[in-house]
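Structure record follows, encoded as structure tokens.
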Amino acid sequence: MPSGAGVPAPERSGVSGDGTGSARFGVVFPRTSKTSRTRSKAVSNIVDRSSPAPPAADTAGHPPTPDWQGTWAFTLPPVEASVPRARHAVRDLLRHRGAPLTGDRLHGLLLVLTELVTNVVRHAALLTPAIGVEIVVDGRWIWLRVEDGHPYRPHALAASPERHRTGGRGLLLVQATAQEAGGSCGVRAASGGGKVVWAVLPLDGVAGGTPPPAA
């Protein structure tokens, strides 16, 4: 995977089975009040994990953080119906927040999300009480992380397509989509014994640069 000294990677995190702070695997989400949750027709437990934004320009004269910058997370059951629900939830969230993504870039991000959630449903459901999804947007990049409870790390994310002509095509599509957009992807262990598969893509209008280190 491409890596380098780009923008600093955001805080690592994981998911809980119920999205409320009850540890089942990974690093749990903090408990949050109802006012910090974003409602979506697709998913009702989206948690806003962003740092509180200043109400106006700070003392140094910097403008306030845009609404589209932040961290959001939610959980879904490991079933087929969760694939379109996750896609619709992320699409609705980014559109509502006004994230600077063209139709093509948003389509690529949602394609990556679809492949990652589908992979959990098909290959890791028995060891996954809930699928964790996290979206992080800063001034240049958008991170997508999907956590499951299975410890196996797919080799397709680190291999060339020629070595996986009969398998791993969904993850190879994730790799190709991220890299063609100028981003990267990979997999790392989760603290609870499962794994987090991640992808990072640049926002539209951002000059080329080295993708951030592993998320």
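The values are calculated or read from the model by the stated rules, or taken from the named source; none is laboratory data. On a predicted model such as this, the values are computed, not experimentally measured, just so you know. Backbone-built Cβ (ideal geometry, glycine too); neighbour counts: all protein chains shown.
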Unique match (being closer than 27 Å to SER191 by Cβ, in a helix (DSSP H, G or I) and among the acidic types (Asp, Glu)) among GLU134, GLU115: GLU115
Quick one: is HIS123 farther than 23 Å from PRO202 by Cα and at pLDDT below 95? yes
Boolean, LEU144 is at pLDDT 95 or above and farther than 19 Å from GLU80 by Cα: yes
Being aliphatic (A, V, I, L, M), under 27 Å from GLY182 (Cβ atoms), part of a loop (DSSP other than H, G, I, E, B) and in contact with a helix residue (DSSP H, G or I) (Cβ under 9 Å, 6 or more places away or on another chain): is that true of LEU101 here? yes
Return yes or no: is ALA86 modelled with pLDDT of 95 or more and surrounded by fewer than 22 Cβ atoms within 10 Å (Cβ to Cβ)? no
Restricting the stretch 89-119 to residues that are under 19 Å from VAL47 (Cβ atoms) and basic (Lys, Arg), the one surrounded by the fewest Cβ atoms within 10 Å (Cβ to Cβ) turns out to be ARG95
